[in-house]
Structures are given as C-alpha cells and as structure tokens.
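Since the structure comes first, as structure tokens, the remarks are kept for the end.
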Amino acid sequence: MEKTKQLLNHTSRRSVSAMFRAVESFGGAMNLTYATARALFKRPFYFRLFLDQCYQLGFKSLSLTSITALSTGMVMTLQFGLGLERFGGKLYVPKIVGLSILRELGPILTCLMLAGRVGSGIAAEIGSMKVTQQIDAIRALGTDPIKRIVIPRVLAMFILAPMCTLFADIVGIFGGIFIASIELNIPASFYFHEALVGLRMVDFLVGISKTFVFGLIIGITGCYFGLQTEGGTQGVGQSTTRAVVTSSSLVVIADFILTKVWWIYERGLQ
Amino acid sequence: MKKPLIEVEGVSKFFGDKVVHDGIDLDIRKGEILTLMGGSGSGKSVLLRSLIGLEKPDKGKILFDGQDITKLGEEQLVDVRKRIAYCFQYGALFDSLTIAENLAYPLREHTKLTDGEISERVHAALEQVGLGGSEELLPSDLSGGMQRRVGVARAIILKPEVILYDEPTTGLDPYNTRQILRIVLDLKKQGVTSVLVTHDMSSIFAVTDRVAFLKKGKIAALGTAEEIRDTKNAELKGFILGETM
C-alpha cells in the first residue's frame with residue numbers, strides 16, 4: 001500500500017513537472033516566434049544564408065520526401081485497387097488516390113519526414129553551436145543570432161515545406177499511375193485524366209495551405225530546442241529528440257485543426 | 001584622478017537560489033590589465049560576461065564610458081560590443097567558416113571595407129597572432145591553442161578599446177601560453193584595456209597590473225600583482241599556493 005502511494009506520488013509529481021515543462025516550452029517558442037517576426041523586417045538581411053538554408057533544408061530533403069510520396073502513391077493504388085475491385089469500383093482508384101494525396105497524405109507525410117530530417121538537423125546544429133559558445137560569439141561580435149541563425153532556417157522551412165509537398169504530390173500521383181498501369185491494368189492516360197478532372201483547386205489549396213503552418217512549426221521548434229540546449233553533447237542529443245518529438249506531434253495536431261477549419265469553410269460554401 | 005573606463009557598482013547576480021555576485025564594486029582603468037582570480041564557481045566568468053552584456057545582473061550597474069550597459073537591449077549593445085571584444089575560452093570559432101571568414105565576420109558586419117581591404121586586415125591580424133598562412137583552413141584543422149589565438153585575432157580585428165579574455169591560457173602548452181601573453185602585452189602597449197579570467201598563476205603575475213580576488217560573490221582582495229603575490233591574507237595566500245579553493 002505504502003509503495004503504491006509512493007509510486008503514485010512520484011508519477012503525479014513527474015506528470016506535473018512535465019506539464020510545467022511543456023507550458024514553459026510553449027511560451028518560449030511563442031516568444032521566439034514573436035522575436036523572429038519582429039526581426040524579419042529589420043536590417044541587415046542575410047539573403048545568402050537564407051538561400052543556403054533553402055538548399056540544405058529543402059533541396060537536400062527532396063529525395064526523402066519523394067521516396068515517401070512515391071511509395072505512398074504506389075501502396076494506396078494497390079490497396080484501393082484490391083479493395084474496390086471487389087465492388088467493381090476499380091475505376092475510382094485514380095480519383096480516390098489523387099484526392100487522398102493532395103488533401104492529406106502528401107502534406108502530412110512530407111512534413112513528418114521534414115520534421116524528422118530537418119527538425120533534428122536544425123536542433124543538433126544550433127545546439128552544438130550553443131554548447132561551443134558560438135551563439136554567444138555571434139552576440140559578442142555585435143550580431144543577432146535570431147537574424148543570422150533563426151530567420152534563415154524558419155523562412156526556408158516556411159517556403160520550402162509547401163514546395164517539397166507540391167513535388168511530393170506530383171511524385172505520389174505518378175507512383176499511382178505507374179502501379180495502376182502495371183498491376184491494375186488501368187491505362188496511364190485514363191488514370192491521369194481521372195485524377196486531374198476529379199480534383200478541384202480547393203483540394204490542392206487545402207493540402208498546400210497547411211504546409212506553410214507545418215513549415216513554421218518545424219523551423220521554430222528546431223531553432224527553439226537548439227537554442228535551449230545545455231550541458232554538452234548529451235544536451236545536444238536531448239534537444240534533437242525533443243525537437244523531433246515536439247514538431248511531429250504539433251504537425252499532427254495542427255493538421256487536425258486546420259483540416260477542421262477548412263472543413264467548416266467548405267461546408268459553408270455548399 | 002582619471003575616471004575609470006568601466007565601473008561595476010553594486011552588482012548582484014543570482015542563479016535560482018545560488019548567489020553568484022553579492023554587491024560587487026570594481027573599477028577598471030583605461031589601458032590596464034586586470035585579472036579576475038578565484039576558485040571554480042566564484043563567478044569570474046559570469047562577471048566577465050556581464051561586462052559585455054552577455055549576462056544581465058539582477059541588481060547594480062555596469063558603466064562603460066559613463067553609459068549603464070545593464071539597461072541596454074541587444075540592439076543598443078551592438079555599439080558597446082564594437083568597442084569591447086570577448087575572447088572565449090575555447091575560441092568559439094564558427095566551425096562552418098574558414099579561418100579567414102571567421103576573422104572577416106566582424107569586418108563584414110560592422111564596416112564598409114572592400115573585399116581587398118578585409119583580406120589585408122585578416123592577414124595582418126593572423127600575422128599578429130603568429131598564424132599567417134592559415135586563412136583557408138577550417139577551425140577543425142587547428143590545434144586548441146591555435147584556435148584560441150585565432151579567437152584573439154577575431155577579437156582584435158575591429159581594434160576594440162577593451163578585450164575580455166576568459167581563461168585564455170588554461171590547458172595550453174608553454175609555447176601557446178607565451179604567444180597569448182605576448183599578444184596581451186603587445187595590445188597593452190597600443191593602449192588596449194584587458195580583463196583576464198584565469199587560474200594560471202604564472203600568467204597572472206607575468207602580465208597583469210592589478211588582480212581582483214573573488215570569493216563568496218564578493219571582491220575579497222584587490223591590489224597590484226606585487227601586493228597580491230606578497231599578501232598576508234591567509235585565505236588568498238592559500239589560494240595562490242593551491243592549498244585552498
């Protein structure tokens with residue numbers, strides 16, 4: 001009985017402290033977002049650093065996000081092909097797969113991949129700079145870490161997350177076309193036509209608009225946990241893990257909220 | 001008597017329950033070399049960081065050339081940081097930039113010099129610290145001692161009035177130690193004020209004009225290098241001889 005009581009006490013203390021930490025992190029990330037927004041329009045502008053981050057964070061992620069999208073398009077086509085064939089609905093596969101990729105799977109899977117690759121990379125890089133006093137050196141040399149470190153990364157993610165998603169959408173649909181023509185005997189031209197005709201602009205906008213928010217979440221979370229790093233290499237590891245876990249969770253939560261907002265808007269139009 | 005260049009007035013600093021500084025008063029005169037000495041955790045580095053605004057005291061003022069820097073925000077501190085340079089313990093060089101790019105960094109940020117002029121200044125600064133020819137290397141290509149000398153070169157490249165050194169010779173071989181001390185003395189001849197944090201007793205007495213001994217958040221002793229070396233204060237004597245913390 002006594003041991004159970006102790007265990008419950010310990011668990012509740014840990015839960016409360018984890019909640020406080022979460023609230024503190026949320027507040028800190030909001031402060032960083034505010035400071036970033038304020039610094040965004042003030043000189044100096046580091047355009048070259050921004051371009052470099054676009055290359056490092058966006059262009060270098062394309063292979064990962066493309067493989068994910070290709071595989072998703074192929075798997076979805078196979079699964080729906082198999083399932084709908086039983087009900088004679090095989091010809092609906094292009095529309096269903098296209099809609100799923102554009103509205104949901106393209107954005108969410110691309111951004112979860114980015115949260116893993118880019119979020120961890122940002123947190124590890126900034127965390128290493130923090131523990132080796134390079135962030136202090138930026139300040140001591142009369143420059144602003146937010147301008148030099150945070151803005152190029154956050155801005156690059158804000159712009160590159162939608163770009164990567166757009167590319168992933170295209171690759172995903174082509175993956176579907178490829179498998180449909182080989183495995184389901186659906187001609188590529190028919191698949192392509194059905195996938196395009198069946199979709200509306202709003203389907204594309206629903207998916208792509210969410211990725212601007214996801215990009216911001218990944219950029220800010222990576223930078224925030226990187227800048228909070230304490231305690232050497234172990235601290236860098238912890239920051240990296242926290243950045244990935246937090247940004248992935250926030251992306252999934254934001255996905256639901258934004259989907260719901262779009263759902264309300266679309267219902268209003270009907 | 002001339003007004004001190006930096007005046008620390010009643011500075012207190014707390015990290016949670018821990019009292020790091022408890023009402024510190026200290027004047028730093030123009031052109032002198034002052035050493036902050038004390039056991040580990042006595043707040044030397046925190047005081048050094050406070051002198052350039054990297055830490056904010058919880059109480060008290062730090063006047064640089066008559067201006068209270070504790071009231072300044074990061075943007076207003078830029079002008080102060082062009083006049084006060086900081087040498088980090090392990091150099092804190094940007095590891096993604098070459099040595100030349102590390103040194104060019106403050107020049108590109110704060111001056112309108114051309115690329116040619118920047119190259120000349122970078123070359124001259126590296127020559128001054130005995131590392132001419134290392135422009136295209138990365139920090140990881142250099143030894144710890146060389147990295148610190150590059151850190152010093154980066155700090156002096158804007159020709160600051162004050163240089164703050166955080167343990168500049170700790171863990172260095174005798175050659176690199178001598179090189180760093182030579183640079184500190186050369187800069188003194190040019191009128192640069194230096195504040196050193198160090199545990200290295202031989203360095204302290206080789207270059208310093210005055211020594212401040214920090215203990216329990218206060219300045220426990222302040223005097224010339226000779227006064228401190230010949231002190232009758234048992235606590236200070238014990239610290240210098242390595243018998244107490």
- Query: Would you call A:E266 open to solvent by less than 80 Å² (accessible area, probe 1.4 Å) and in contact (Cβ under 8 Å) with a residue 12 or more places away in the chain?
  - Reply: yes
- Task: Could you pull out the residue among A:L70, A:L57, A:L32, A:L62 that is within 15 Å of A:C164 (Cα to Cα), assigned to a helix (DSSP H, G or I) and in contact with a Cys (Cβ under 7 Å, 6 or more places away or on another chain)?
- Result: A:L62
- Note on the structure: Every listed condition ((1) closer than 30 Å to A:L227 by Cα; (2) over 26 Å from the mean Cα position of the chain (by Cα); (3) open to solvent by 40 Å² or more (accessible area, probe 1.4 Å); (4) among the hydrophobic types (A, V, I, L, M, F, W, C)) holds for A:M163 save (2)
- Task: Could you tell me whether B:E117 is within 14 Å of chain A (Cβ to nearest Cβ) and of a type in the set (D, E)?
- Result: no
- Task: Could you check, for region B:81-91, whether at least one of its residues is modelled with pLDDT under 95, under 26 Å from A:P44 (Cα atoms), over 16 Å from the mean Cα position of the chain (by Cα) and within 14 Å of chain A (Cβ to nearest Cβ)?
- Result: no
- Query: Before we move on, is A:M129 farther than 19 Å from B:L51 by Cα, away from chain B (no Cβ under 14 Å) and among the hydrophobic types (A, V, I, L, M, F, W, C)?
  - Reply: no
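Here's the yes/no breakdown for (1) in contact with a strand residue (DSSP E or B) (Cβ under 6 Å, 6 or more places away or on another chain); (2) touching a residue at least 12 places away in the same chain (Cβ under 8 Å); (3) closer than 16 Å to A:I220 by Cβ:
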residue: A:S100; (1), (2), (3): no, yes, no
residue: A:I122; (1), (2), (3): no, yes, yes
residue: A:Q134; (1), (2), (3): no, no, no
residue: A:T143; (1), (2), (3): no, no, no
residue: A:V150; (1), (2), (3): no, yes, yes
residue: A:L166; (1), (2), (3): no, yes, no
residue: A:I173; (1), (2), (3): no, yes, no
residue: A:I182; (1), (2), (3): no, no, no
- Task: Return yes or no: is A:V202 among the hydrophobic types (A, V, I, L, M, F, W, C) and modelled with pLDDT under 95?
- Result: yes
- Looking at region A:213-233, which of the residues that are open to solvent by 60 Å² or more (accessible area, probe 1.4 Å) and at pLDDT 95 or above is farthest from A:I159 (Cα to Cα)? A:Q228
- Item | Top-ranked residue in region B:14-37 [being open to solvent by 20 Å² or more (accessible area, probe 1.4 Å) and not in a loop (DSSP other than H, G, I, E, B); ranked as farthest from B:V192 (Cα to Cα)] | B:K18
- Of all residues making up region A:38-61, the number that are more than 20 Å from A:E125 (Cα to Cα) and open to solvent by less than 90 Å² (accessible area, probe 1.4 Å): 4
- Message: If A:A161 satisfies all but one of (1) away from chain B (no Cβ under 14 Å); (2) touching an Asp or Glu at 6+ places or on another chain (Cβ under 7 Å), what's the number of the condition it fails?
- Response: (2)
- Condition broken by B:L222, with the remaining ones in (1) open to solvent by 10 Å² or more (accessible area, probe 1.4 Å); (2) out of contact with any strand residue (DSSP E or B) (no Cβ under 6 Å at 6 or more places or on another chain); (3) not in a helix (DSSP H, G or I) satisfied: (2)
- Task: Mind listing just one residue for me: the one in region B:46-73 that is closer than 20 Å to A:A35 by Cβ and open to solvent by 80 Å² or more (accessible area, probe 1.4 Å) and, of those, nearest to the other protein chains (Cβ to nearest Cβ)?
- Result: B:K56
- Does at least one position in region A:187-209 carry a residue that is more than 14 Å from chain B (Cβ to nearest Cβ), open to solvent by 10 Å² or more (accessible area, probe 1.4 Å) and under 14 Å from the mean Cα position of the chain (by Cα)? yes
- Message: Could you check region B:88-119 and list, in sequence order, the residues that are in a helix (DSSP H, G or I), open to solvent by 40 Å² or more (accessible area, probe 1.4 Å) and touching a Gly at 6+ places or on another chain (Cβ under 9 Å)?
- Response: B:E109, B:H110
- Query: Is it true that some residue in region B:227-244 is out of contact with any helix residue (DSSP H, G or I) (no Cβ under 8 Å at 6 or more places or on another chain), modelled with pLDDT of 90 or more, among the polar types (S, T, N, Q) and not in a helix (DSSP H, G or I)?
  - Reply: no
- Note on the structure: Reported set for region A:98-126 where residues are within 14 Å of chain B (Cβ to nearest Cβ), open to solvent by less than 30 Å² (accessible area, probe 1.4 Å) and of a type outside the set (A, V, I, L, M) is none
- The lone condition B:V122 fails out of (1) open to solvent by less than 10 Å² (accessible area, probe 1.4 Å); (2) out of contact with any Leu (no Cβ under 6 Å at 6 or more places or on another chain) is (2)
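The values are calculated or read from the model by the stated rules, or taken from the named source; none is laboratory data. What you are looking at is a predicted structure, and each value in this text was computed from that prediction instead of being measured. Glycine gets a Cβ as well: all are built from the backbone with ideal geometry, and neighbour counts include every protein chain shown. Surface accessibility is based on the protein's heavy atoms, side chains included, excluding ligands, DNA and RNA. Shrake-Rupley method; radii C 1.70, N 1.55, O 1.52, S 1.80 Å.
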